[in-house]
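The values are calculated or read from the model by the stated rules, or taken from the named source; none is laboratory data. It should be emphasised that the depicted structure is a prediction, and the values quoted were computed from it without experimental measurement. Here the Cβ is made from the backbone with ideal geometry for all residues, glycine too, and neighbour counts use every protein chain on show.
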């Protein structure tokens with residue numbers, strides 16, 4: 001087996017060890033493990049400092065920038081917020097709502113994310129027809145990963161399921177910006 005010395009890894013390990021010695025904290029403090037959250041996203045204990053999670057200030061800045069845009073219906077902002085929530089276990093269940101709103105506006109990256117959630121049944125019911133729909137729409141927008149995901153999904157679907165999914169795709173219409181989506 002080839003020795004895989006990685007200078008970047010050594011620098012990272014050194015910086016983590018150095019951080020342990022430079023982080024000011026009382027030795028017998030419960031504050032080390034006290035978790036701080038910004039909109040449910042964890043950001044502020046010793047572990048966060050050591051694992052390169054975003055600081056609370058960075059999260060506040062992120063949400064200050066993107067939430068107003070999402071509230072105005074910007075699909076990029078909705079997708080970014082959905083991805084931010086998806087990165088952290090305590091807030092993952094919030095992600096689909098943001099992806100759905102952006103995907104309904106015909107935004108390819110959100111359609112890809114939504115397709116993956118439906119295919120796996122993560123925070124939405126597992127549904128191959130919905131996964132097919134969102135992958136197809138994302139692929140049409142040039143999302144390369146959606147093309148691969150769609151091909152893989154088609155390989156597991158029978159002809160009748162594919163026909164039903166194609167019918168769902170044929171009937172699909174985007175929700176105009178600012179309009180309320182139909183159920």
Query raised in the report: If only one of 150, 129, 117 is over 26 Å from residue 76 (Cβ atoms) and either buried (at least 16 other Cβ atoms within 10 Å of the Cβ) or in contact (Cβ under 8 Å) with a residue 60 or more places away in the chain (or both), which one is it?
Result: 129
Report task. Report yes if some residue within segment 155-176 is on the phi > 0 side of the Ramachandran plot and at pLDDT below 95; otherwise report no. Result -> no
Report task. Looking at (1) within 17 Å of the chain's Cα centre (by Cα); (2) surrounded by 16 or more Cβ atoms within 10 Å (Cβ to Cβ); (3) touching a residue at least 24 places away in the same chain (Cβ under 8 Å); (4) not in a loop (DSSP other than H, G, I, E, B), find the lone condition where residue 169 falls short. Result -> (1)
